[in-house]
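Just so you know, all these numbers are worked out from the coordinates, no wet-lab data involved. Just so it is clear, the model here is predicted, and its values are computed rather than measured. When we count neighbours, we look across all protein chains shown, and the Cβ atoms used for this are built from the backbone with ideal geometry, even at glycine.
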Amino acid sequence: MIEFKNVSKLFKTNEREVKALDQVNLFVDEGQISGVIGFSGAGKSTLIRSVNLLERPTEGEVIVNGQTLTSLKGGQLQKAKRNIGMIFQHFNLLQSKTVFENVAVPLRLVRTPNAKLKERVQELLEFVGLSDKASSYPEQLSGGQKQRIGIARALASNPAVLLCDEATSALDPETTSSILQLLKRVNKEFNVTILIITHEMGVIREICDRVAVMEEGRIIEEGTVLDIFSKPQHQTTKNFVRSVFKDQIPASVRRILERGSEKTRIYKIEFIGESSGKPLLSELVRRFDVDVNVLFGNITEIQDTPFGSLTVEVQGDPASLESAFRFMKEKDLLVSEVKLDA
Ligand SMILES: Nc1ncnc2c1ncn2[C@@H]1O[C@H](COP(=O)(O)OP(=O)(O)OP(=O)(O)O)[C@@H](O)[C@H]1O
């Protein structure tokens, strides 16, 4: 649905040249929600603005819905761009116009007859849950409500693709979550392909199917969200995953480690899918002469799959501890010993 083929973008100013995009190849399939994450300056905005040619690449091809946008001009390009909606971090609503008129903008541009326009705007306001705000002005709305209006406006021309440019960065966590749920509905109910750029891994975790990680204008890692969360390869990706799953040793665990004992070891058991750690722990106690205490757990769901880790304290004599560790290693779980210097 969206394809980038060797796309580069060079910005030249008097003082310097910046390669904001460097040979980017990206594919977003129809019906998917894809995310692009990166730190400030990685090139995310340039990438998303290149999808609808708000930013024209210096090199390469941008193909959306089967059309090579980078080869189109004039009216043909305008028409193709109507198939791509966009929402923004700061909403970009017209302050002097009512909510109704803001949503109506794309429809007025293509001279939609009044009765049809009214019906469509009302339908969209209902979809985003703000039918009662039609005659309000943007300044009378909360941030979350403004973004809902942004979404309604972006959907007015029935686009096949929706671009979300840091759409939740100005919102508090609860409002962020409700906007992300709304985007999920847009994707499911209207089969709109969604591309999101963000610097928050939580956003990726909550709604994306796939994610690409950007650094210095390049995509350094790409995959399903579950794969990227469970097996991040690049250090930058690991840092992003860590921002969601705090990986530091908690203070209570640190204290046990500092006390140190021949008879105590602490393990971190990571799991994905149904194979949660619990049956393993009871098996350990049954089979080996050890006691097990769960110290710390971090469990979430990614794409409806349980994913997380348990930190456990295992107590017993050194030989039993060794056998227990070997047994855990043989299972289909990633087990590592937690040490103070790790
Ligand atoms: N119009 C421009 N002129 C010159 N340089 C630019 C322009 N737009 C972006 N850049 C540069 O291109 C690089 C990528 O910028 P971009 O805004 O795409 O990154 P980003 O990942 O979206 O960052 P942020 O999260 O801070 O918005 C940066 O070094 C930036 O300074």
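For residue 118, give me every one of the aspartates and glutamates with a C-alpha distance below 13 angstrom, ignoring sequence neighbours fewer than eight places off in its own chain.
Leaving aside aspartates and glutamates fewer than 8 places away in the same chain, those within reach of residue 118 are 101, 126.
Given charges of +1 on the Cβ of Lys and Arg and -1 on the Cβ of Asp and Glu, with all other atoms neutral, how large is the dipole of the chain about its Cα centre, in debye to the nearest 20?
Dipole about the Cα centre, nearest 20: 1180 debye.
Grab the beta carbon distance between residue 252 and residue 285, set R0 = 25 Å, and tell me the FRET efficiency rounded to 0.05.
Efficiency for this residue pair is about 0.70.
Each residue of the stretch 24-38 in turn: what ³J(HN,Hα) in whole Hz from Karplus with 6.51, -1.76, 1.60 and θ = phi - 60°, glycine and Pro shown as x?
Values per residue, Gly and Pro as x: 7, 10, 8, 9, 10, 6, 4, x, 8, 10, 10, x, 10, 10, x Hz.
Put +1 on the Cβ of every Lys and Arg and -1 on every Asp and Glu Cβ in the chain; which of 32, 21, 51 then has its Cα farthest towards the positive end of the dipole?
51
Give me the mean projected area, in nm² to one decimal, of the convex hull enclosing the Cα positions of the stretch 2-244.
13.8 nm²
Using the Karplus curve 6.51 cos²θ - 1.76 cosθ + 1.60 with θ = phi - 60°, work out ³J(HN,Hα) for each residue of the stretch 65-73 in order, rounded to whole Hz, and write x for Gly and Pro.
In residue order, the calculated couplings are 6, x, 10, 7, 4, 5, 9, 8, 9 Hz.
Would you please name the GluC sites (Glu not before Pro) within the stretch 1-72 that are DSSP coil residues with at most 13 other C-beta atoms within 10 Å of their C-beta?
Of the GluC sites (Glu not before Pro), the ones in loops of the stretch 1-72 whose Cβ has at most 13 other Cβ atoms within 10 Å are 15, 30.
Which value in deg cm²/dmol, rounded to the nearest 500, describes the helix-derived mean residue ellipticity at 222 nm for the chain, given -39,500 (n - 2.57) per DSSP H run of n ≥ 4 and division by the residue count?
-11000 deg cm²/dmol
Pull out a ≥ b ≥ c, the square roots of the eigenvalues of the alpha-carbon gyration tensor of the stretch 170-224, then state rounded if a/c is under 1.5, prolate if not and a/b is larger than b/c, and oblate in the remaining case.
Judged from the Cα gyration tensor, the stretch 170-224 comes out oblate (a/c at least 1.5, b/c at or above a/b).
Looking at the stretch 1-90, which chymotrypsin sites (Phe, Trp or Tyr not before Pro) are in a loop (DSSP not H, G, I, E or B) and have at most 16 other Cβ atoms within 10 Å?
Taking the stretch 1-90 and a limit of 16 other Cβ atoms within 10 Å, the loop chymotrypsin sites (Phe, Trp or Tyr not before Pro) found are 39.
At q = 0.17, 0.19, 0.22 Å⁻¹, what log₁₀ I(q)/I(0) does a Debye calculation on the Cα points of the stretch 251-337 give, no solvent, two decimals?
-0.68, -0.83, -1.07
Count neighbours as other Cβ atoms within 10 Å of each site's Cβ, and list the trypsin sites (Lys or Arg not before Pro) in the stretch 218-264 that are DSSP loop with at most 10 such neighbours.
Those that pass, being in a loop and sparsely packed, are 246.
Starting from the Cα of residue 270, step 7 Å along the direction of its Cβ; do the same at residue 234; then give the gap between the two resulting points in nm.
1.8 nm
What does the convex hull of the Cα atoms of the stretch 221-271 come to per residue, in Å³, rounded to a whole number?
Each residue corresponds to 100 Å³ of Cα convex hull volume.
Determine the alpha carbon to alpha carbon distance for each of 188/268; 44/184; 5/73; 79/188; 116/146; 81/146 and list only those over 28 Å.
In this structure, 188/268 exceed 28 Å between Cα atoms.
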